[in-house]
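Structure record follows, encoded as structure tokens.
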Amino acid sequence: MNSYLFYDLETSGLNKAFDQIIQFAAIRTDMQLNEIERYNFLVKLRPDVIPSPKALITHKIPISKTMTGMSEYEAAKKIHRLINEPGTISLGYNTLRFDDEFLRFTFHRNLLPPYTHQYNHGCRRMDIFPITVMFRLYREKVLSWPSRNGKPSLKLEDLNADNGLAAGASHDALVDVEATIALTRHFIKESDMWNYLSGHFLKEVDRQRAENLPVSFQNDQFKHTHGILVSSEFGADMQFQAPVLFIGSSIPYSNQTLWLRMDLPELRETTMDSIRETTWVIRKRFGEPGILLPPLERYIHILENKRMVEHNKNLEWIRSNIELFHSIIRYHQTFRYPEIPNLDADAALYQMGFHSHKTEALCREFHLAPFSGKLKLISQFQTPETSTLAGRILARNFSETLPKEIENQFATYLSRLSPESPESAMVDYKGEARTTPAGALMDIQKIKTEEKIEQAQVILLDELETYLIQTFQSI
């Protein structure tokens, strides 16, 4: 039987590879949104995590309180069971842009299958945020829509404040889950709109709708269809949408379809040497945001007329520069994300690829084994990354005495968290630097001197400062 699992995370920071979950909350409902069961628990701060001061004063969970939570390893296994229960549709507010990938790295770091909740045993995912965008654009009457500083806001806390969705402080994971369910109840009453938008999170439905878009022109390779793409990346000033042209699928990443944005004048300035700078291509996976719409008047009229004028000019330019257009297609179809050299095992999810069947079986055995059995299994993992992750699970989450080799490996890893210079900091899968203890201390001082914060937030920052100095002595 299908069920919704509405969930939310509060985290130590925004880096999906190196930060961790601090609070997990979820409510499982039936398909009519009747509650079945709920979960809410804290996760103990790992010894290698440098919390973000900004995150701390947002969720307001004291460092001392996180230390009362369960270990990340036990939390990861619990969340994995919940989200992989057969027939589960996992969803939340902006979960596919942040929370879902955060979970993916949490599972990876703890040797759990990171993708099974997307497809296994009838499980799949949705996201209420893009649905909210669509209602804001095309069915406004369902809610009171907030604005802040003269601009529309789709932040959950603002929607909650203006519509009385849930009681309690925002950025408490359980309150945010309750608010998301209340928001969904408003939407589900509009059954025609809800059913249509739900279809966009089914891969085959989304694929079929894309294939049914009208054709602008075609060549020997494929038809160039066109439509309107609704996505948060375009922002409120662009009404969260842009006209796009289908230019094929990625070759190295076969699940990515490519859509060329058609309302930007710089497209017509493209040369063979400037494709990267003057073309904007959105990489869309079917069943995930953004939402593709046919170019019908009821959708187009929301776009400013000058943007459609640019679209038409760009279409004519493409038809007159077909060889250059083919070069644009080749560039984006063959594009590969650069590999990061010496990438840390925690951040190596995408570079490692999928585990072999043997490794998957070994991971299952590892989870079931007692501490002594886990120790024996570490040497059997086929790659250095999985062996390293297994050792770190023990070092981070178990109080038993470690063999000298694993203890030394973990100590070496911890020493890398406090580099001599910011340029030497570890980087994630995007090449972005990991927060360092020294950097976090500087951020604390900057927030205290430059931002207007409550006394309770000052106390939280003081506690974090003490924790960082005591935990990372070298700073």
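Just to be sure, is H117 surrounded by 23 or more Cβ atoms within 10 Å (Cβ to Cβ) and either in contact with a Cys (Cβ under 9 Å, 6 or more places away or on another chain) or β-branched (V, I, T) (or both)? Here the answer is yes, as H117 does meet what is asked. Scanning region 309-345 for residues that are exposed (fewer than 13 other Cβ atoms within 10 Å of the Cβ) and in contact with a helix residue (DSSP H, G or I) (Cβ under 7 Å, 6 or more places away or on another chain) gives a single hit, E339. The condition (being polar (S, T, N, Q), within 16 Å of F24 (Cβ to Cβ), in the same structural domain as L197 (by TED's automatic domain parsing) and at pLDDT 95 or above) is satisfied by just one residue among T88, T116: T88. Against the conditions (1) of a type in the set (K, R); (2) assigned by TED's automatic domain parsing to the domain that holds K65; (3) modelled with pLDDT under 95, K223 satisfies every one except (2).
Filter region 252-293 down to residues that are acidic (D, E) and more than 19 Å from the chain's Cα centre (by Cα) and give me whichever is nearest to G92 (Cα to Cα). Of everything passing the filter in region 252-293, D263 is nearest to G92 (Cα to Cα). Looking only at residues in region 1-42 that are closer than 18 Å to G69 by Cβ and more than 19 Å from the chain's Cα centre (by Cα), the one that is surrounded by the most Cβ atoms within 10 Å (Cβ to Cβ) is L42. Please specify each residue of region 281-308 satisfying the condition of being among the hydrophobic types (A, V, I, L, M, F, W, C) and surrounded by fewer than 17 Cβ atoms within 10 Å (Cβ to Cβ). Across region 281-308, the qualifying residues are L296, I302, M308.
Listed by first and then second residue, the pairs linking a residue in region 293-320 that is over 17 Å from E266 (Cβ atoms) to a residue that is in a helix (DSSP H, G or I) and of a type outside the set (A, V, I, L, M), with Cβ atoms under 9 Å apart and 6 or more places separating them unless they lie on different chains, are L293/R209; L293/Y299; P294/R209; R298/Y138; Y299/Y138; I302/Y138; L303/H311; R319/F325. Within region 268-290, residues that are more than 18 Å from S327 (Cβ to Cβ) have Cβ atoms under 8 Å from residues that are assigned to a loop (DSSP other than H, G, I, E, B) and of a type in the set (F, W, Y) in these pairs: R283/Y253; G287/F201; E288/F201, counting only partners at least 6 apart in sequence or on another chain. The condition (being exposed (fewer than 13 other Cβ atoms within 10 Å of the Cβ), at pLDDT below 95 and closer than 19 Å to S71 by Cα) is satisfied by just one residue among E400, E405: E400. Which of the residues that make up region 74-87 are outside any helix (DSSP H, G or I) and surrounded by 22 or more Cβ atoms within 10 Å (Cβ to Cβ)? Those that are outside any helix (DSSP H, G or I) and surrounded by 22 or more Cβ atoms within 10 Å (Cβ to Cβ): none in region 74-87. Within the bounds of region 52-73, is there any residue that is buried (at least 16 other Cβ atoms within 10 Å of the Cβ), without any contact (Cβ under 8 Å) to a residue 40 or more places away in the chain and within 22 Å of the chain's Cα centre (by Cα)? Within region 52-73, none of the residues are buried (at least 16 other Cβ atoms within 10 Å of the Cβ), without any contact (Cβ under 8 Å) to a residue 40 or more places away in the chain and within 22 Å of the chain's Cα centre (by Cα).
Could you check, for region 90-97, whether at least one of its residues is touching a Cys at 6+ places or on another chain (Cβ under 8 Å), touching a residue at least 40 places away in the same chain (Cβ under 8 Å), crowded, with 16+ Cβ neighbours inside 10 Å and within 25 Å of K284 (Cα to Cα)? Scanning region 90-97 turns up at least one residue that is touching a Cys at 6+ places or on another chain (Cβ under 8 Å), touching a residue at least 40 places away in the same chain (Cβ under 8 Å), crowded, with 16+ Cβ neighbours inside 10 Å and within 25 Å of K284 (Cα to Cα).
Mind listing whichever residues of region 13-63 are charged (D, E, K, R), part of a loop (DSSP other than H, G, I, E, B) and in contact with a strand residue (DSSP E or B) (Cβ under 7 Å, 6 or more places away or on another chain)? Listed by number, the residues that qualify are D19, D30, K44.
The values are calculated or read from the model by the stated rules, or taken from the named source; none is laboratory data. Just so it is clear, the structure is predicted and the values come from calculations on it, not from any experiment. All Cβ positions, even for glycine, are placed from backbone atoms using ideal geometry, and neighbour counts span all protein chains on display.
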